[in-house]
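The values are calculated or read from the model by the stated rules, or taken from the named source; none is laboratory data. It should be emphasised that the depicted structure is a prediction, and the values quoted were computed from it without experimental measurement. So basically every Cβ, Gly included, is an ideal-geometry build from the backbone, and we count neighbours across all protein chains shown. SASA here: full protein model, heavy atoms, side chains in, ligands and nucleic acids out. Shrake-Rupley method; radii C 1.70, N 1.55, O 1.52, S 1.80 Å.
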Amino acid sequence: MSTSRPAALPTTPPRAEKRDFSYAHHGVTIADPYAWLRDPGYPEVTDKQVLAHLEAENAWFEARMAPHKELVETLFTEMKARIKEDDSTVPQKDGDWLYWSEFEQGAEYRKYYRKPVGGGEAQLILDENALAEGHDYFRLGSFSVSKNGRLLAYSVDTNGSERFTARIKDLATGEHLPDEIPGTLSGLVWVMDDRALVYGLADDHWRVHDATLHVLGTALAEDVELYRETENEGFRVGAGLSAQEDWLVIATGDNETSEVRLVPANDPTSAPILVRRREKGVEYDVDLRTDGGKTTLWIHTNDEHVNFRLATASLDDPGTWATLIEGSDDFYLDGFELYRDFYVTEGRIKGLDQIQLRSYADPNLVKPIAFAEASFTAGLTDNPEYHQDKLRLSYQSMVTPDSVYDYHVETGELELLKQQEIPSGYDPSLYVTERLEIAGRDGTMIPVSVVMRKDRAAGPGPLHLYAYGAYGYAVPPGFSTTRLSLVDRGFAYAIAHIRGGDDLGRNWYLQGKLNERVNTFTDFVDVAKGLAAKGYTEAGRISISGGSAGGELMGVVANTDPGLWGAVVAHVPFVDVLATMLDAELPLTPGEWPEWGNPILSKQAFAYILSYSPYDQVAAQDYPPMLVTAGLNDPRVTYWEPSKWVAKLRELKTDDNELLLKTNMGAGHGGKSGRFESIRETAEEVAFVLWQLGVAA
């Protein structure tokens with residue numbers, strides 16, 4: 001009887017073969033010797049040489065991390081100990097039921113429950129653990145209970161490809177209906193008195209161009225397209241219900257332009273009402289309110305002010321908008337919610353979240369919800385009913401754990417319902433959070449949120465800097481239990497609120513996209529240098545991380561300022577920017593041109609993207625230690641982007657610093673699923689940072 005021995009760990013890093021390949025646009029030829037790492041059969045990846053290279057990189061990752069397994073395990077154990085394993089959400093009323101979800105001890109995934117408002121036994125309505133059984137990856141997509149409470153529509157992805165299969169469960173019997181809709185990438189919206197669902201399908205390029213009606217009990221071939229986007233390949237279609245659930249709102253658009261149609265929820269195949277024809281650069285979203293037999297449209301739009309205004313219109317003349325709340329340079333209005341007796345506006349002032357209750361009768365009557373800390377993140381969460389006398393809120397800061405409140409509308413009382421528990425212990429008095437402003441090279445003041453221990457040693461110490469900086473996403477200064485593993489070892493942890501996000505309003509976003517994209521990168525570098533100048537840290541003792549578009553940021557600053565960084569962690573990094581934006585067949589590319597520019601049509605956009613594209617700008621120079629991750633099934637940042645980048649770095653870099661690539665062979669953009677598996681990956685990241693910065697474990 002023979003026993004197989006585990007394969008020996010490699011002693012040298014893999015080197016990808018260089019193969020002659022180039023492409024030319026606008027008279028410029030670009031050599032791309034690692035283009036072969038893109039499997040021509042993608043999204044199926046079966047090329048043996050490609051897979052062998054990815055496995056070789058994974059083996060090198062394992063070999064280099066092997067001496068640090070004990071540290072990874074220590075970090076994983078302490079991170080896991082900060083999680084309340086048998087945790088549950090705060091129940092919330094929706095119709096005749098109270099709904100909540102729970103984690104059981106040791107479980108990777110949630111269970112969803114409900115019970116009658118009047119009292120009774122809890123009913124398990126969905127068990128993610130059972131659905132995930134037998135799969136290396138699991139993600140719940142849409143979760144939608146019918147208005148009558150009888151049926152649950154939900155969707156699941158079991159490989160990270162973001163193609164979800166929708167099912168319908170009869171909550172009275174526990175049985176599934178025969179209806180099954182594969183390939184969805186959308187919400188599931190109940191219409192026609194719960195007799196039908198509206199959904200959207202991911203096409204061959206992971207784009208949703210339809211809103212389609214499925215009547216329960218009928219064949220999918222009989223489903224009716226309510227709308228299909230045919231004018232713009234980059235637009236995406238989505239659907240939802242109005243606040244009173246009597247109108248179906250069908251929206252299409254990209255990152256800068258919107259168009260909305262309305263149909264009655266009980267008659268979705270009737271002729272749609274177009275609110276206003278699309279106009280490039282004009283974004284708007286719509287809700288409706290019927291009061292006293294009169295239906296009014298509420299429109300949130302940037303047509304007159306970059307920071308958006310709130311307007312109203314009649315159903316008979318939906319394209320004529322009367323201003324209710326003017327756009328403001330100071331208040332960035334990023335959304336609104338309608339309720340029976342009041343409405344709520346949400347936004348930011350000087351980068352801090354605002355929640356404001358407003359009166360239908362008097363638009364000048366504004367009742368803000370006040371919070372005590374100088375830096376925080378707060379917002380409405382789960383408020384499913386049109387009549388709410390209490391609003392469910394979420395609140396946290398970099399030192400205050402996630403907190404769930406009910407805000408009592410009549411009295412203004414904030415009632416704390418639950419605060420995130422940390423079983424291993426957490427004393428907020430040991431920590432301090434600060435909000436700084438650091439001048440960029442063009443004089444722009446860049447906000448920075450910092451957390452550290454009050455007893456952190458004096459003088460420059462290790463610091464971890466994080467940012468995203470794209471798509472108008474503002475990184476919230478929120479709480480993180482995993483972050484404590486760095487902070488408790490003497491790190492300051494900073495979030496750079498750089499341009500490209502909308503932290504300081506819509507202009508902050510616009511100043512970091514298209515032809516001003518480079519501001520995002522220089523802001524990040526200038527924040528790092530500014531933190532060093534203020535004595536928080538020094539060059540070489542700064543670890544940095546970012547993912548996706550934030551991974552692009554990591555690639556750029558590793559090229560431009562390699563000596564600043566003691567360690568770089570780039571998650572699913574968007575680093576092959578030029579080649580991706582030149583490929584209209586890739587899932588996201590047409591919809592991304594408003595964000596990055598279209599280098600196919602524009603010589604200027606081609607030259608500008610080429611000037612910063614991390615893969616194209618890799619040079620023969622020293623680079624900092626780097627850990628890079630990828631997902632084989634990732635439709636957003638395809639696996640070959642980080643693979644090609646690491647291959648080129650291995651070829652050209654002139655140092656002996658660590659360069660590791662880990663590809664999740666059964667996951668997508670978000671890495672491994674499950675709350676503990678994802679924590680283990682975070683533990684690996686933190687171990688890498690501690691190792692490279694020489695910080696004692």
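Exactly one residue out of Thr377, Thr345, Thr381, Thr411 is among the hydroxyl-bearing types (Ser, Thr, Tyr), out of contact with any Asp or Glu (no Cβ under 8 Å at 6 or more places or on another chain) and open to solvent by less than 30 Å² (accessible area, probe 1.4 Å), and it is Thr345.
Residues that are open to solvent by less than 30 Å² (accessible area, probe 1.4 Å), over 21 Å from Glu57 (Cβ atoms), among the hydroxyl-bearing types (Ser, Thr, Tyr) and at pLDDT 95 or above occur in the stretch 611-620; there is at least one. Would you confirm, using the coordinates I've provided, whether Tyr431 is under 30 Å from Trp691 (Cβ atoms), in contact (Cβ under 8 Å) with a residue 60 or more places away in the chain and of a type in the set (Phe, Trp, Tyr)? Criteria not met by Tyr431. Only one of the listed residues (Ala221, Ala153) is of a type in the set (A, V, I, L, M), surrounded by fewer than 21 Cβ atoms within 10 Å (Cβ to Cβ) and not in a loop (DSSP other than H, G, I, E, B). That residue is Ala221. Selection over the stretch 526-552 of residues that are aliphatic (A, V, I, L, M), buried (at least 23 other Cβ atoms within 10 Å of the Cβ) and either in contact with a helix residue (DSSP H, G or I) (Cβ under 6 Å, 6 or more places away or on another chain) or without any contact (Cβ under 8 Å) to a residue 12 or more places away in the chain (or both) gives a count of 2. Screening the stretch 188-209 for residues that are out of contact with any Ser or Thr (no Cβ under 9 Å at 6 or more places or on another chain) and more than 23 Å from Asn148 (Cα to Cα) and picking the one that is modelled with the lowest pLDDT gives Asp204.
At least 3 residues being at positive phi is the threshold, and among the strands (runs of 3 or more DSSP E) wholly inside the stretch 488-600 not one reaches it.
Yes/no matrix, rows are residues, columns are (1) under 23 Å from the mean Cα position of the chain (by Cα); (2) farther than 30 Å from Arg38 by Cβ; (3) modelled with pLDDT of 95 or more:
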position: Phe479; (1), (2), (3): yes, yes, yes
position: Leu514; (1), (2), (3): yes, no, yes
position: Asp523; (1), (2), (3): yes, yes, yes
position: Leu564; (1), (2), (3): no, yes, yes
position: Val568; (1), (2), (3): yes, no, yes
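A single member of Thr638, Thr663 is touching a Phe, Trp or Tyr at 6+ places or on another chain (Cβ under 9 Å), of a type in the set (Val, Ile, Thr) and assigned to a strand (DSSP E or B), and it is Thr663. Summed over the stretch 329-353, residues that are farther than 16 Å from Tyr509 by Cα, part of a loop (DSSP other than H, G, I, E, B) and either in contact (Cβ under 8 Å) with a residue 60 or more places away in the chain or not basic (Lys, Arg) (or both) total 3.
Taking first residues from the stretch 505-519 that are within 20 Å of Asp353 (Cα to Cα) and open to solvent by 30 Å² or more (accessible area, probe 1.4 Å) and partners that are in a loop (DSSP other than H, G, I, E, B) and not hydroxyl-bearing (Ser, Thr, Tyr), the Cβ contacts under 7 Å between residues at least 6 apart in sequence or on separate chains come to Asn507/Val306.
Annotation note: of Pro401, Pro384, the sole residue that is in contact with a helix residue (DSSP H, G or I) (Cβ under 9 Å, 6 or more places away or on another chain) and modelled with pLDDT of 95 or more is Pro401.
Within the stretch 164-187, restricting attention to residues that are small (Gly, Ala, Ser) and open to solvent by less than 30 Å² (accessible area, probe 1.4 Å), the residue that is modelled with the highest pLDDT is Ala166. Among the residues of the stretch 437-455, those that are open to solvent by 40 Å² or more (accessible area, probe 1.4 Å) and either assigned to a loop (DSSP other than H, G, I, E, B) or over 21 Å from Val557 (Cβ atoms) (or both) comprise Arg441, Asp442, Gly443, Arg453, Lys454, Asp455. In summary, strands (runs of 3 or more DSSP E) completely within the stretch 13-117 and bearing 3 or more residues that are open to solvent by 30 Å² or more (accessible area, probe 1.4 Å) and either basic (Lys, Arg) or modelled with pLDDT of 95 or more (or both) occur at 22-25, 28-31, 97-102, 111-116.
Where strands (runs of 3 or more DSSP E) fall entirely within the stretch 354-436, those with at least 2 residues that are over 28 Å from the mean Cα position of the chain (by Cα) are at 366-368, 414-419. Within the stretch 255-264, take every residue that is touching a strand residue (DSSP E or B) at 6+ places or on another chain (Cβ under 7 Å) and open to solvent by 10 Å² or more (accessible area, probe 1.4 Å) and give me the one that is nearest to Phe235 (Cα to Cα). Only one residue tops the list, namely Ser258. Mind checking which pairs have a first residue in the stretch 54-68 that is free of Cβ contacts under 8 Å to residues at least 60 places away in the same chain and a second that is open to solvent by 40 Å² or more (accessible area, probe 1.4 Å) and not β-branched (Val, Ile, Thr), Cβ under 6 Å, 6 or more apart or different chains? Note: pairs meeting the criteria are Ala59/Pro10; Ala63/Leu9; Ala63/Pro10.
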